[in-house]
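J.: Here it is: the structure, laid out below.
The values are calculated or read from the model by the stated rules, or taken from the named source; none is laboratory data. Keep in mind it's a predicted model, so treat the numbers as computed, not measured. Backbone-built Cβ (ideal geometry, glycine too); neighbour counts: all protein chains shown.
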Amino acid sequence: MSGDETTTTPPVLRVRGVHKSFDGTAVLSGIDLDIASHQVVVAIGASGSGKSTLLKTINLLERVDDGQIFLKGDDITDPRVNVDSVRSRIGVVFQQFNLFPHLSVIDNVTLASRKVHGVARDEAEAEAERWLDRIGLRAKLKDYPDRLSGGQQQRVAIVRAILSKPELLLLDEITSALDPLLVGEVLDLVRDLKTAGATILMTTHEMSFARSAADHVVFLHQGVILEQGAPDAFFGAPTAPETREYLSRLHAG
Amino acid sequence: MVISLVSTVVLGVLVWLTVINTPGWAAVQQAFFDPAVAWKFLPSVLLGLWLNIRILFFAAIGVAVFATLLAIIRTLRGAVFFPVRFLATAYTDLFRGTPLIIVLYLVGFGIPALGLFPRLPPEVWGTVALILTYSAYVAEVLRAGMEAVHPSQRLAARSLGLTHAQTLRLIVLPQAVRKVTPALMNDFVSMQKDVGLVSVLGAIDAVRAAQIGEADTYNFTPYIVAGLLFVIISWPAIRFTDWLTARAQRREQIGGTV
Ligand SMILES: Nc1ncnc2c1ncn2[C@@H]1O[C@H](COP(=O)(O)OP(=O)(O)OP(=O)(O)O)[C@@H](O)[C@H]1O
Ligand SMILES: [Mg+2]
């Protein structure tokens, strides 16, 4: 928090030349990406193109082999960085199994506030109740996750992620495991977060959502960003043959 | 309901009639089921049982702590932890294979003979021996439970910013314990009986009190008294274990728990 805020505010996320391979197989081969505050960036690409791996390197669940990642200007790929404190600045929701089955809804959503950020239980619960109210699940506060539908579970997981006021929200195919009927309610919540000013990097196969809600779309192919742009331009006139093939296969399937 | 009651009563009466009509019954009744002897030694056996209960209490706490530690060490990953992981594995293998009675003799007579510790009553060493042996069993049960916790639970916990230790304590261990509660309860029930073995070290527990009574009267009734008392104290835990196991099976049949 130094310097002239209006001209030198760093982007929330800056990824520079990130490489990652598993057992000699390159999965990310030089990724560059900037996400400004309040921006929603959607990453798309075929299965195995490296989308989840990219999100995991940002969250430090995987360490990069080469390159740098900056979170609000802090180099989080520096080996001396405190991993837990970086993670507490980033919210994550995965495809499934996000919630802890042995904790009630309210305990799930307040866990990080209480245990990581040291917020008093009363205060954490008051804030959590406001959010659960907003997503219509206040009545389920004391229930255990197995009593919720898949869509409700994912919405609770999103609320849990944002309750610790992350600087960046990573959403990895959060609707892929859901019954099609439940996809809408989850994506509506993401839209609400965008309106509320969240900064989001997400992967999804829901192209209509990407088109209507994203500020920027990136297409990953074999570990590189092959094409990117504003959604209208990206979906309206994709240039790379791989992008066209991927999009047409989605429409066909 | 009525049928099962009637058939139980009929079976009971048949067994009873068979037993009391065996040629040796009168002698056996005299040597094992003498009410006067039972009444006479009930107080001393009860007093001994109180020692068993105290040993059980401390042993259970000791096992909970030590076994959890062993289980955690065995699930640590990474080359740095190889030596401790190896030690913990060797420990559990060794103590799971050694009969408790041998551990009791080694700890109860061996350690005091070293002269390192002030004189302590034999029940203390008995408790230590129980902890050493049962921790090996319980650690294995807990480890299986920890490995059954879905890996994504750790990921979810770590990505919330919880530390490794918090993840273990708040997420992995509670789920692991729930998964293996029936097995843990089984170990507890068998430890409830095995506390009677500390009598071999000379601690005046229920079994030893019964032995004293038997030596005094040449009558085995005090052992029956002690045995019945052991059954009575372990009965709630046995029923509870059955109930838990049945519940776990029902849940599995319903399937699909996250
Ligand atoms: N921990 C790992 N060890 C080895 N290989 C891995 C690991 N994680 C990912 N990979 C490999 O890296 C490649 C990219 O995986 P990633 O999960 O990033 O793809 P994705 O774009 O998210 O795919 P999907 O759309 O199926 O989720 C895959 O070939 C995968 O097998
Ligand atoms: Mg993925």
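J.: Would you be able to say whether some residue in region A:168-190 is among the small types (G, A, S), away from ligand 2 (no atom under 16 Å from the Cβ) and either crowded, with 23+ Cβ neighbours inside 10 Å or farther than 19 Å from A:G136 by Cβ (or both)?
T.: No: region A:168-190 contains no residue that is among the small types (G, A, S), away from ligand 2 (no atom under 16 Å from the Cβ) and either crowded, with 23+ Cβ neighbours inside 10 Å or farther than 19 Å from A:G136 by Cβ (or both).
J.: If you don't mind, another one. Six or more apart or on different chains, Cβ under 7 Å: which pairs go from a residue in region A:44-59 that's within 14 Å of another protein chain (Cβ to nearest Cβ) and touching a residue at least 40 places away in the same chain (Cβ under 8 Å) to one that's more than 9 Å from ligand 2 (Cβ to nearest atom) and in a helix (DSSP H, G or I)? Could you list them?
T.: If the second residue must be more than 9 Å from ligand 2 (Cβ to nearest atom) and in a helix (DSSP H, G or I), the pairs left are A:N59/A:R87; A:N59/B:S159.
J.: Which pairs have Cβ atoms under 9 Å, sit 6 or more apart or on different chains, and link a residue in region B:173-189 that is within 14 Å of chain A (Cβ to nearest Cβ) and of a type in the set (G, A, S) to one that is part of a helix (DSSP H, G or I) and surrounded by fewer than 18 Cβ atoms within 10 Å (Cβ to Cβ)?
T.: B:A176/B:A144; B:A176/B:E147; B:A176/B:A148
J.: Which fully enclosed strands (runs of 3 or more DSSP E) of region A:13-76 have 2 or more residues being within 16 Å of A:I200 (Cβ to Cβ) and within 16 Å of ligand 2 (Cβ to nearest atom)?
T.: Filter on region A:13-76 gives A:40-45.
J.: Looking at region A:173-189, can you tell me whether even one residue there is within 14 Å of ligand 1 (Cβ to nearest atom), within 14 Å of chain B (Cβ to nearest Cβ) and among the charged types (D, E, K, R)?
T.: yes
J.: Do the conditions hold for A:V159, that is, is it touching an Asp or Glu at 6+ places or on another chain (Cβ under 9 Å) and within 13 Å of chain B (Cβ to nearest Cβ)?
T.: No, not satisfied.
J.: Just checking, how many residues over region A:95-149 are of a type in the set (F, W, Y), within 13 Å of chain B (Cβ to nearest Cβ) and more than 16 Å from ligand 1 (Cβ to nearest atom)?
T.: Count: 2.
J.: Could I ask something else about it? Kindly indicate the residue of region A:189-213 that is of a type in the set (S, T, Y) and at pLDDT below 95 and also nearest to the chain's Cα centre (by Cα) among those meeting that condition.
T.: A:T204
J.: Taking helices (runs of 4 or more DSSP H) that fall entirely within region B:60-134, which contain at least 1 residues that are closer than 30 Å to B:Q175 by Cα and over 21 Å from the mean Cα position of the chain (by Cα)?
T.: Result: B:82-97.
J.: In this structure, does A:V92 turn out to be within 16 Å of ligand 1 (Cβ to nearest atom) and within 8 Å of chain B (Cβ to nearest Cβ)?
T.: The answer is yes for A:V92.
J.: Tally the residues that are within 20 Å of A:R89 (Cβ to Cβ) and either within 14 Å of ligand 1 (Cβ to nearest atom) or acidic (D, E) (or both), restricting the search to region A:61-73.
T.: Looking only at that region, the number is 4.
J.: For region A:29-52, which residues satisfy the criterion of being near ligand 1 (Cβ under 8 Å from one of its atoms) and either under 25 Å from A:R191 (Cβ atoms) or surrounded by 22 or more Cβ atoms within 10 Å (Cβ to Cβ) (or both)?
T.: A:G45, A:S49, A:G50, A:K51, A:S52
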